[in-house]
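To start, the structure itself, in structure tokens.
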């Protein structure tokens, strides 16, 4: 087999090729996102300037604003201008407020990012131990009752969308028990409910994936090989089953992370969280398109970066994934 | 007569088939031996037009082979060879030329009998058949297309030994009865020897030796053929 | 179709179906029955909490929220189904397109789907909602199109899976066009998962719609759906929590109805595999008579399947030090299970029992004997591609057993690994040890697997089809290697194979298994011409060799081996045996040893003399 003979060179090349391919894909995807954001303002029905200034504004005011935004220039010139702006961090100024959009973003992005990162950590911290525990407990069709109740619970939790979970949490912990603040961002305790609302759904899905993957890994030939070496059961689970479970989980669960990023939009609106999500919705309703455009761009690129991180983690965990790509 | 004329097939930078010329004469079974990755399955797919040669050509008579040429392919895996949603009869009838419903049904029965299966099985689904029976249905389906040549790609290697014999016997019977022309591909020399009149040996995409079966197997010229033969007689 | 109906027979499926029918019925009936109550403005009862009169309280205009939630079912479900329809139609088209159009255009479609599917549906829906404008129509289009990429990806994957199948290639080779192939062969074979996913995504669309309406981007007043009611109610959650909770609960119930029904469908049509049922633990019957000097001694070994059927039915065998014993049989004969059971590698839900299972004098059923098995029993498995852990280097996989059982230091274990890799003739072992399994060829992996067994000082190597996955020339080298190891260290071998030629070339003695039992035990040299059991003789004759007479048809064995679930009372081979009579069908022949050490289980064995004459 040729792959075996030239293995070391193939491996080096595979890493280079993997990096090149992945980078190429990222660049193309980012370009698609920027272009989509640019096109958005041209695809909205009617005149966006008229929409935001309202029917009472005079035609001169509208025309002046259009000219100021460069909306009367030829399309390609607007596009180049926009590309240039994005690359230099200039997103223009908002229609409703006259603040630079980049200032709005830099204020709001950290609070949203904090929320997403915390929620992700909580989801993983719940899902992996629970999934592994259930996987070991129910292997080979053991503990049927536990399996059934676990599946039922996780199906229900996964089916409830984050904003409803948020409303439920607000009702129970905010209104009924009065333990935790339900709106705004004020100290550590205000993080608890939004983070939980975001994390519970992904944790449920992820723990199911971990359990199923662990079960299939336990059936794998190499686990039998490990058992044939008469290693301790703990060694078999931790050293052989778990790493492969995690790569499989990451492959399937990677998308979940980006879903979590998007989920912040809804959850922020339930908790009146001063982040990108609330700003985005209020800007959509106020038809402040430059702001919407910029936030869409930030979310889009955020998702792409999360996907990139997942792929890199996979490549590090599983040496085959780089080969498989190329 | 099926003729591969200086056929080369590349996948990207990899050469799967390297300048192969091979002829399947009318009424003969040509055995093609080689290991996995030697390019024999790619050659088979090129033989029915599923893969286009990068250079060279595949000719049936004097015309290039296309998807509608009367060449049929029978595959290795009996579990993937038949559409699980179609009855045996429907599968066999699919490649038949246009005809009335009654004619087609009669033809399906005739073909099932030809491959030693009860015609009443036409109404059954593949799931109700064993591996060996499925391979015989696949052969019947190939015959339904009234092919001038059949290409059989490792058709017995997924079968248990007690079943393999029934398929090999069937191939020999069909050849004797119908004067079938066939390219019979296998990694097993003994199997090839049993059905083929000519043998070609494929290695790394090339035909390294080709000739009448007794000559190639009795007096091998190429080192690789000798190695193959030696591995049989431990 | 019966599989679809079987959904209703499971408790979860029946509940989900009931719930779904309820939701759909409400969607149709509620606006007809209760529109008047839902729209009645009552300025005397503004923003009331729950009461007997208003079960879920009232809104800003004093309208009854309970009835408003019921009536909102129609719009909520309608819009969700509409969005799902868009997602399915667009997704199916995009997903099937690459199979229809040429490879170049197809690649662009795939690339487009790949890029869009990387974004969460909610984000796409928000983006599209901006473009299509705020309102119900825009939201339907947004959610529908946002769901399309995921559906397209699913369709693509499923189509690709079916298109690889040989029956599609056969149809194409028969001159059937791409479009007909798609309609006749591909779509029917992927319909089930598509329907299941459409059901689940209808639930998703319902929830997404509630989300958009909740944000104020979906349904606009005076129309109302659950999301709208929820958004309106949230502001007053401290005063009248029911105003937010009632529509929330409605959304969850309806979403779950679609989701659970979809999952139940998936289970019913076999997209997920159910597990076997647990078995009551059987008492052990053991024989603890004095140990012999055999390396391995097995008496009356049985392996029971979850169904209660026995896949291995009372196998007894002994292996002397240095002896090579082969086990041949067709797939389903129980030969691999026998090997795994002996090695103590069979796990629940399968159960292993034996009257006696001694390895080097130690009773394997009494204690775990991890160290003994870890150092003295080597295993070689069939598929070297999957038998190594893909995420670990070869060296660490070889070393870990020795470090655990032999207490070797890291350096010592590493030196041993390199020494052992050299012993199994792997070139440049220092470099190879640092590599991952996927960098090895199949033959080298099998060598490394044998090297792994040699890390200790094995007294027995159990090799389960060690060469089946390898090419003939490589197969030869592996068998040669096994022979050398045996000769050098006086190691016994238990070789499991379906290949009569391999077994007779390598082994001293051969056991022939049929339907879970040993039917004959004979010297390997006798296999070709001296077998006495009709099955052994037929098995040998069915395999063409380089000496077979090409003029004669090959021997065939009519019929097929019985499954473990339907073995008969008599000899299991009787239905396929030319010599069988009534006695054979009624009573099972025991495996009886003769004076020369051979064993046979047959009422009509070929006489030894006749067997000799033929040779």
Cα principal axis extents for the range B:1-151, largest first, Å: 48, 31, 26
Inter-chain Cβ neighbour average for residues B:63-74, partner chain, 10 Å: 3
FRET efficiency, 1/(1 + (r/R0)^6) with R0 41 Å, evaluated for residue A:113 and residue C:419 via beta carbons: 0.20
Calculated log₁₀ intensity ratio I(q)/I(0) where the Debye formula runs over C-alpha points of the range C:2-268, q = 0.08, 0.14 Å⁻¹: -0.40, -0.98
Global form of the protein assembly as shown, assessed from the alpha-carbon gyration tensor, a/c cut-off 1.5: prolate
For chain A: relative contact order, % (alpha-carbon pairs under 8 angstrom, 6 or more apart): 26 percent
Coordinate range along principal axes, alpha carbons of chain C, Å, largest first: 108, 65, 60
Mean Cβ count within 10 Å, highest first, over the residues of peptides C:227-234, C:100-107: C:227-234, C:100-107
CD proxy at 222 nm, helix term only [per DSSP H run n ≥ 4: -39500 (n - 2.57); per residue of chain C; nearest 500]: -16500 deg cm²/dmol
Shielding of B:81-93 by partner chains, average beta-carbon count, 10 Å: 3
Gain in span if fully extended, residue C:78 to residue C:581, counting 0.36 nm per residue against the direct Cα distance: 174.1 nm
Label-point gap, in nm, between residue B:103 and residue C:385 - each point 7 angstrom along Cα→Cβ: 4.5 nm
Sorted by Cβ density within 10 Å, fewest first, the residues C:474, B:7: C:474, B:7
Ordering of A:102-111, A:197-206 by packing [mean C-beta count within 10 Å, highest first]: A:197-206, A:102-111
Contour excess over end-to-end distance, with Cα ends at residue A:235 and residue A:99 and 0.36 nm allotted per residue: 43.1 nm
For a label point 7 Å along the Cα-to-beta-carbon line of residue C:107, residues of the range C:159-174 with backbone N under 19 Å: C:160
Cα-only Debye scattering, the range C:138-237: base-10 log of I(q)/I(0) at q = 0.10, 0.24 Å⁻¹: -0.45, -1.15
Structure-based [θ]222 nm, chain A - -39500 (n - 2.57) summed over DSSP H runs of at least 4, per residue, nearest 500: -25500 deg cm²/dmol
Efficiency of FRET from Cβ geometry, residue C:552 and residue C:370, R₀ 56 Å, rounded to 0.05: 0.55
The range C:1-123 - convex hull of alpha carbons, volume per residue in Å³: 195 Å³
Global form of the range A:1-140, assessed from the alpha-carbon gyration tensor, a/c cut-off 1.5: oblate
Cα gyration tensor, the range C:534-615 - rounded (a/c under 1.5), prolate or oblate: oblate
Partner chain coverage, peptide C:520-530 - average Cβ within 10 angstrom: 0
Relative contact order (%) - chain C, alpha-carbon pairs under 8 angstrom, separation at least six: 11 percent
Angle in degrees between helix B:223-232 and the longest Cα principal axis of chain B, rounded to the nearest 10: 60 degrees
C-alpha long axis of helix B:101-114 to longest principal axis of chain B, angle in °: 50 degrees
Rounded tilt (10° steps) of A:189-218 against the dominant C-alpha axis of chain A: 40 degrees
Hydrodynamic radius by Kirkwood, which averages 1/r over all alpha carbon pairs of the range A:101-286, in angstrom: 18.1 Å
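Each value in this text was obtained by applying a stated rule to the coordinates, not by laboratory testing. All values derive from a computational prediction rather than experimental measurement. No Cβ is skipped: glycine too gets one built from the backbone with ideal geometry, and neighbour counts run over all protein chains shown.
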